[in-house]
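Student: Could you have a look at this structure, given as structure tokens, before my questions?
The values are calculated or read from the model by the stated rules, or taken from the named source; none is laboratory data. Only a predicted model underlies this, so the values are computations on that prediction, with no experimental measurement involved. Every residue, glycine as well, gets a Cβ built from its backbone with ideal geometry; the counts of neighbours run over all protein chains shown.
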Amino acid sequence: MSPQNQSKEKIYEAEVVDSSVIDEGVFKKVLIKAGRTIAQPALEAFEMILDPSTPTQARVSLIAALTYLIMPIDLMPDFVPVAGFSDDLVALTAVISLWSQYVSPEIRLRARRKLDAWFPV
């Protein structure tokens, strides 16, 4: 990679890191409302964003998927009973499957711990 491309990558990465600050309180409220089924892939995506080994391109698409989840009005509005979060689940699982090679056992463990804390069984 040329020095010019490396410089652009660092600027781009800094922007992604700055934009990846997600209010965990708001995030938790949405996930509690959405339920455990949607919370699991959402927490994996969230942990992938926070993990320094996740490539910038993956972070960008994961941030987009989580933003789609948090937005109450989207393709299928979240307030619609039963079906409201179905499009969010599809978007999340599609993006995570795209970047599945970066979901480490540590990421899964951190996501699982949060899931169990937020949704006690």
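Student: Within the range 107-121, count every residue that is surrounded by 12 or more Cβ atoms within 10 Å (Cβ to Cβ) and outside any helix (DSSP H, G or I).
Tutor: Residues in the range 107-121 being surrounded by 12 or more Cβ atoms within 10 Å (Cβ to Cβ) and outside any helix (DSSP H, G or I): 1 in total.
Student: Any residue in the range 54-75 that is in contact with a helix residue (DSSP H, G or I) (Cβ under 8 Å, 6 or more places away or on another chain), within 19 Å of P120 (Cα to Cα), surrounded by fewer than 17 Cβ atoms within 10 Å (Cβ to Cβ) and modelled with pLDDT under 85?
Tutor: Taking every residue of the range 54-75 in turn, none turns out to be in contact with a helix residue (DSSP H, G or I) (Cβ under 8 Å, 6 or more places away or on another chain), within 19 Å of P120 (Cα to Cα), surrounded by fewer than 17 Cβ atoms within 10 Å (Cβ to Cβ) and modelled with pLDDT under 85.
Student: Then there's this: Here is a list of conditions, (1) at pLDDT 80 or above; (2) outside any helix (DSSP H, G or I), and M1 meets all of them except one; can you say which number that is?
Tutor: (1)
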